[in-house]
Amino acid sequence: MAWIEKQRNILDFALSSLVRRWGKNLALVMVYTVIVFVLASILFMTHSIKREASLILRGSPEIVVQRILAGRHDLTPGRYIEKLAKIPGVREVKGRLWGYYYEPSTGANYTMIVTDEHRENVGTIAIGAGVARSSDVREGDMIPFRSSDGSYVSFEVTGVLTPESELVASDVIEVSERDFRSLFAMPEGYFTDLTLKVRNRKEVVVVADKIRRLLPDTRPILRDEILRTYDAIFDWRSGLLIVVFTGAILAFSIFSWDKATSLSFEEKKEMGVLKAVGWETSEVIAMKSWEGIVVSLTSFLLGVILAYMHVFFGSSILFMPVLKGWSVLYPHFKLVPYVDPYQLAALFFLTVVPYTAATIIPSWRAAIIDPDSVMRL
Amino acid sequence: MIELQRVTKVFNKGNSNEFVAVDDISLTIDPADISVLKGPSGAGKTTVLSVIGAMTKPTEGRVFIDGREITSLPERFLTGIRRKTFGFIFQQFNLIKGITALENVMIPSYPSGEKHSSLKKRAMDLLQILSLSGKAMSKIEWLSGGEAQRVAIARALINNPEIIIADEPTAHLDTKLSEEFIGIMAALNKEGKGVVIASHDPLIYGAKVVDTVVEIRDGRIVDKEERL
Amino acid sequence: MIMHPAVISLFVGSVLVCLMVLYSARYGATILTRWDLRSGSELQLTLERKTYLISTIMSYVFVFQLFSLFLFIFTADKLSTLFTGAMCAAGTLNVNNFGYPTMVLKVINFILGGMWLVLNHADNRAFDYPLIKKKYLLLMAIAPFVIAETIVQGAYFLNLKAHVITSCCGSLFSTEGEGIQAGLAGFPVIPMKILFYGAMGLTCLAGLYFYIKGRATGVFFSLMSIVTFGVSVAALISFISVYFYELPTHHCPFCILQGEYHYAGYPLYLALLCGAVGGTGVGTLFPFRKIESLKDAIPLIQKRLTLMTLLSYLLFTAVTTGAIIFTDFRLDGY
């Protein structure tokens with residue numbers, strides 16, 4: 001195929017031309033790589049967090065029922081459990097106990113929760129890895145808590161939780177039911193909220209509807225809705241970051257426009273020589289396009305690889321605070337490496353399309369130089 | 001046969017710096033000859049040369065190559081014809097710095113779609129004929145003036161053109177190299193290639209091997225001398 | 001508006017493409033009024049040079065259009081979690097009235113861009129720019145479509161409000177629903193199969209005859225290739241999809257693009273789009289076969305385009321037929 005040979009030869013020349021002006025091109029590739037790196041980091045991070053969150057939520061109950069009092073979340077009476085259990089399609093109803101505990105010494109907000117595993121272990125707690133780090137405790141240590149009547153109660157740490165996902169469970173403290181009730185002075189027979197398991201996933205909406213009619217003072221929260229909210233919030237945050245970075249992309253486009261426009265005398269002469277010895281305008285444009293493709297692909301790959309290492313091996317040290325939010329307990333969490341082609345496609349669009357658009361006219365302008373220009377120098 | 005019919009070339013037409021480089025020239029070039037365009041610098045030799053070599057479109061007038069009118073052809077066809085018909089040697093050789101002599105010779109043939117290996121072989125053969133095979137992998141900036149000149153000639157020959165066009169080829173060469181140049185041109189002419197040179201160097205237009213000398217002044221032909 | 005990264009990139013990309021096409025159209029207008037090949041004037045030289053820029057821009061736009069079509073569907077698919085009732089792209093596109101029009105415009109613009117490039121390719125084979133005016137007239141016609149796509153797509157994204165209850169492929173493309181989609185899904189299978197294989201067969205026969213003998217069946221082939229494009233999409237919804245999903249009630253044309261079905265949708269749709277571009281390209285060139293300077297070039301280009309369409313359509317038929325034969329799933333009785 002003559003066409004392929006031709007493109008190969010032109011590509012060959014484009015590569016040698018890039019290498020010859022390595023200083024200028026290195027600067028371009030570096031800036032380009034940084035742009036790709038930043039955007040790729042944001043995308044990889046949000047995507048993995050979303051994925052992680054949805055993995056966790058997959059194991060959670062389909063419906064959570066909260067009692068609402070004057071529009072505020074209130075304690076739910078235990079007798080609601082029996083009422084709910086009678087709704088057809090409901091497999092299991094459980095009362096849940098959880099709340100927040102503010103620790104002034106570290107300035108952190110812990111999530112206190114009663115789990116099935118820890119319900120009976122009075123006087124002990126199991127803590128999330130983040131809690132262990134922030135208050136510097138190990139298994140066997142005692143931690144004091146200030147109860148609602150002002151007195152201090154100490155619990156022995158019997159375990160540090162090592163969950164699959166640090167993101168959600170990092171600030172968790174598991175306590176027994178009795179300790180929980182005495183610590184917060186929560187009356188017997190009441191729960192923070194109730195969880196429901198439903199036999200058939202497709203009936204979730206129907207069941208929720210029945211709950212609303214049966215117990216008008218409650219609010220059923222569906223797992224799918226939580227997932228959706230998660231998705232929306234993380235997409236929104238990464239979108240917001242990307243909007244912030246569109247400024248950077250714009251600046252980069254202007255930078256590459258400028259690089260492509262401001263050809264040195266030597267480069268202009270080179271184009272002139274090519275035209276003079278028998279290259280045609282479209283062939284010089286092809287050469288310039290190859291240059292652009294090489295620069296784009298190199299920077300894209302470099303940026304993506306660096307971002308991958310940053311997010312999945314380097315714990316996204318650079319952007320985590322922005323995306324994860326306000327918690328003081330920055331979990332040292334490692335995301336599970338996961339990249340899907342879709343993210344790469346979006347990233348490619350965000351970076352390569354503006355670059356190409358910015359260089360198309362300068363390349364053409366370089367290519368239309370008169371072939372006889374070298375004779376008139 | 002290359003025929004220029006009443007060719008005029010105006011630069012910056014309509015502007016205050018309008019400049020008539022070539023004024024109503026008609027000329028025929030025999031591709032079997034060595035022809036020289038002679039005249040002082042600024043006389044319009046280079047412009048006539050680039051019109052002959054299909055590099056510049058005339059503002060008025062028509063150009064025929066082997067009876068085919070080329071003035072109204074789109075660039076992509078013009079380039080194709082130029083590639084096949086002409087090989088160019090420039091005043092300062094205009095070799096591309098930073099790449100090897102071999103690559104410089106190959107460049108004009110890149111767009112032809114020839115296989116890289118066979119193209120490379122042809123280029124090496126040319127360099128050998130011009131006794132440069134030892135310098136094939138040297139970068140241009142390491143070559144002497146005479147070597148650079150021969151690389152430029154090899155580059156002009158890579159597409160196997162009918163006619164070699166040279167613009168003031170000896171301007172930067174000493175007498176010995178200038179004589180070597182005209183010697184190579186004579187040898188190529190014997191092999192059947194036409195040669196058109198623009199020069200104000202007496203060593204060139206006075207050389208015995210030259211068949212035709214056309215004198216140009218202020219964009220017009222003032223004298224044409226056919227030597228037999 | 002949903003601040004999704006892909007939404008932003010699609011939006012930015014289409015605005016850029018829109019600007020580039022407008023820029024080209026502006027010079028297209030000058031070419032239409034001032035082009036004079038015989039003139040050696042500066043303006044003519046400038047215009048001739050601009051044609052290089054515009055060809056380059058249009059090739060890039062064409063490639064962009066293809067990617068953006070797939071990215072658009074892919075994004076709709078991903079966003080489906082945000083909308084109650086949406087489970088794939090079908091539901092997300094249905095959230096407001098601009099989703100499906102955007103997609104259709106993207107397909108149209110891709111095919112129009114292909115037509116332009118075919119015309120341009122042919123024009124570049126002739127010594128005298130015989131198609132230059134037609135080419136730029138077509139460009140002027142394409143520009144409004146590209147602008148429309150940008151606007152409609154913008155409107156679609158701006159009006160995407162999460163928590164809108166939409167209906168998804170299950171109800172849109174179900175046999176009991178109303179509207180075009182449901183109509184397609186509910187179309188009886190046997191006639192649809194006959195229609196599909198009939199159209200494919202006719203197109204391929206006509207194309208093969210045209211490829212070997214030239215002329216004769218060419219126009220018919222070109223028309224049929226467009227009809228077949230439509231019929232194939234309909235067939236995909238009506239019965240082909242069902243074999244891929246192995247579910248008699250699932251007729252969604254988008255789920256097939258997902259990883260669960262091995263991304264089978266991509267080669268399928270790509271083959272259909274290539275076939276349609278090739279077919280329309282053949283048709284576009286017919287009026288110009290008599291032009292002296294194109295007498296030799298056009299039949300050759302048409303042959304190549306015909307071959308491209310034939311191969312694409314055969315690939316589509318082979319893959320879908322393969323899926324129908326080799327799955328254990330049987331549609332009998334539905």
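Could you grab the pairs with beta carbons closer than 7 Å, sequence gap of 6+ or different chains, first residue in the stretch C:292-304 and of a type in the set (K, R), second one part of a helix (DSSP H, G or I)?
C:K303/C:Y211
Can you tell me how many residues in the stretch C:50-100 are closer than 19 Å to A:D224 by Cβ, within 11 Å of chain A (Cβ to nearest Cβ) and part of a helix (DSSP H, G or I)?
Summing the residues that are closer than 19 Å to A:D224 by Cβ, within 11 Å of chain A (Cβ to nearest Cβ) and part of a helix (DSSP H, G or I) in the stretch C:50-100 gives 6.
Using the structure shown, decide if C:L37 is in a loop (DSSP other than H, G, I, E, B), within 12 Å of another protein chain (Cβ to nearest Cβ) and of a type outside the set (D, E).
So C:L37 fits the description; yes.
Among the residues in the stretch A:325-339, are any surrounded by fewer than 18 Cβ atoms within 10 Å (Cβ to Cβ) and at pLDDT 90 or above?
no
Listed residues B:L119, B:L127; which is aliphatic (A, V, I, L, M), away from chain A (no Cβ under 14 Å), in contact with a Ser or Thr (Cβ under 9 Å, 6 or more places away or on another chain) and without any contact (Cβ under 8 Å) to a residue 40 or more places away in the chain?
Matching residue, one of B:L119, B:L127: B:L127.
Of a type outside the set (A, V, I, L, M) and facing another protein chain (nearest Cβ under 9 Å): does that describe B:S50?
yes
Residue-by-condition table, conditions (1) outside the structural domain of A:V352 (by TED's automatic domain parsing); (2) of a type outside the set (F, W, Y):
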residue: A:L43; (1), (2): no, yes
residue: A:K50; (1), (2): no, yes
residue: A:Q66; (1), (2): yes, yes
residue: A:R72; (1), (2): yes, yes
residue: A:G95; (1), (2): yes, yes
residue: A:Y102; (1), (2): yes, no
residue: A:G130; (1), (2): yes, yes
residue: A:S135; (1), (2): yes, yes
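Could you grab me the full set of residues in the stretch A:1-47 that are out of contact with any Phe, Trp or Tyr (no Cβ under 7 Å at 6 or more places or on another chain), closer than 19 Å to B:K97 by Cβ and touching a residue at least 40 places away in the same chain (Cβ under 8 Å)?
A:L15, A:S17, A:L18, A:R21, A:K24, A:N25
Considering each of B:K38, B:K13 in turn, give the residue that is within 19 Å of B:S199 (Cα to Cα) and not polar (S, T, N, Q).
On inspection, the qualifying residue turns out to be B:K38.
What number of residues within the stretch C:199-253 satisfy the criterion of being of a type in the set (S, T, Y) and part of a loop (DSSP other than H, G, I, E, B)?
So the count comes out to 2.
If you go through the stretch B:198-205 one residue at a time, do you hit one that is over 24 Å from B:S50 (Cα atoms) and among the small types (G, A, S)?
The answer is no, given that none of the residues of the stretch B:198-205 is over 24 Å from B:S50 (Cα atoms) and among the small types (G, A, S).
For residues in the stretch A:272-307 being among the aromatic types (F, W, Y) and part of a helix (DSSP H, G or I), which is farthest from A:T351 (Cα to Cα)?
The extreme case among them is A:W290.
I want to confirm something. Restricting to the stretch B:103-161 and keeping residues that are farther than 23 Å from B:E180 by Cβ and among the acidic types (D, E), which single residue is farthest from the chain's Cα centre (by Cα)?
Taking the candidates together, the pick is B:E114.
Has the stretch B:7-19 got at least one residue that is within 11 Å of chain A (Cβ to nearest Cβ), outside any loop (DSSP other than H, G, I, E, B) and either in contact with a Pro (Cβ under 6 Å, 6 or more places away or on another chain) or buried (at least 21 other Cβ atoms within 10 Å of the Cβ) (or both)?
yes
Can you say whether C:T51 is assigned by TED's automatic domain parsing to the domain that holds C:I8, closer than 20 Å to A:E280 by Cβ, surrounded by 21 or more Cβ atoms within 10 Å (Cβ to Cβ) and polar (S, T, N, Q), as far as the supplied structure shows?
Yes: the conditions hold for C:T51.
Take residues that are of a type in the set (K, R), at pLDDT 90 or above and under 20 Å from B:G145 (Cβ atoms) and tell me which of the strands (runs of 3 or more DSSP E) falling wholly in the stretch B:175-228 contain 2 or more.
Answer list for the stretch B:175-228: none.
Which pairs turn up if I take residues in the stretch A:352-377 that are more than 7 Å from every other protein chain (Cβ to nearest Cβ) and look for partners that are small (G, A, S) and not in a helix (DSSP H, G or I) with beta carbon separation below 9 Å, at least 6 apart in sequence or on another chain?
A:P362/A:S262
Which helices (runs of 4 or more DSSP H) does the stretch A:1-97 wholly contain that include 1 or more residues that are crowded, with 16+ Cβ neighbours inside 10 Å and more than 14 Å from chain B (Cβ to nearest Cβ)?
Of the helices (runs of 4 or more DSSP H) lying wholly inside the stretch A:1-97, those with at least 1 residues that are crowded, with 16+ Cβ neighbours inside 10 Å and more than 14 Å from chain B (Cβ to nearest Cβ) span A:22-58, A:79-85.
Restricting to the stretch A:214-249, and then to whatever is free of Cβ contacts under 8 Å to residues at least 60 places away in the same chain and within 8 Å of chain C (Cβ to nearest Cβ), can you tell me which residue is farthest from A:D74 (Cα to Cα)?
Checked the stretch A:214-249; the qualifying residue farthest from A:D74 (Cα to Cα) is A:T246.
What number of residues within the stretch B:100-109 are facing another protein chain (nearest Cβ under 7 Å) and in contact with a Leu (Cβ under 6 Å, 6 or more places away or on another chain)?
Residues flagged as facing another protein chain (nearest Cβ under 7 Å) and in contact with a Leu (Cβ under 6 Å, 6 or more places away or on another chain) within the stretch B:100-109 amount to 0.
Output the number of the condition that B:K45 fails; it satisfies all remaining conditions of (1) within 24 Å of C:L43 (Cα to Cα); (2) within 11 Å of chain A (Cβ to nearest Cβ); (3) charged (D, E, K, R).
Only one criterion is unmet by B:K45, namely (1).
I'd like the full set of residues that are in a helix (DSSP H, G or I), under 20 Å from B:V196 (Cβ atoms) and either within 7 Å of another protein chain (Cβ to nearest Cβ) or in contact (Cβ under 8 Å) with a residue 40 or more places away in the chain (or both), limited to the stretch B:66-99.
Those that are in a helix (DSSP H, G or I), under 20 Å from B:V196 (Cβ atoms) and either within 7 Å of another protein chain (Cβ to nearest Cβ) or in contact (Cβ under 8 Å) with a residue 40 or more places away in the chain (or both): B:T79, B:R82, B:R83, B:K84, B:T85.
Of everything in the stretch C:87-105, what is closer than 10 Å to C:I73 by Cα and of a type in the set (A, V, I, L, M, F, W, C)? Give them in sequence order.
C:C88, C:A89, C:A90, C:L93, C:M103
Identify, by number, the condition in (1) facing chain A (nearest Cβ under 9 Å); (2) without any contact (Cβ under 8 Å) to a residue 12 or more places away in the chain that C:Q44 doesn't meet.
Here C:Q44 clears every test but (1).
So which residues in the stretch B:148-165 are touching a Gly at 6+ places or on another chain (Cβ under 9 Å) and crowded, with 18+ Cβ neighbours inside 10 Å, if there are any at all?
B:I153, B:R155, B:A156, B:L157, B:I158, B:N159, B:P161, B:I163, B:I164, B:I165 - these are the residues of the stretch B:148-165 that are touching a Gly at 6+ places or on another chain (Cβ under 9 Å) and crowded, with 18+ Cβ neighbours inside 10 Å.
The values are calculated or read from the model by the stated rules, or taken from the named source; none is laboratory data. These numbers come from a predicted model, not from an experiment. All Cβ positions, even for glycine, are placed from backbone atoms using ideal geometry, and neighbour counts span all protein chains on display.
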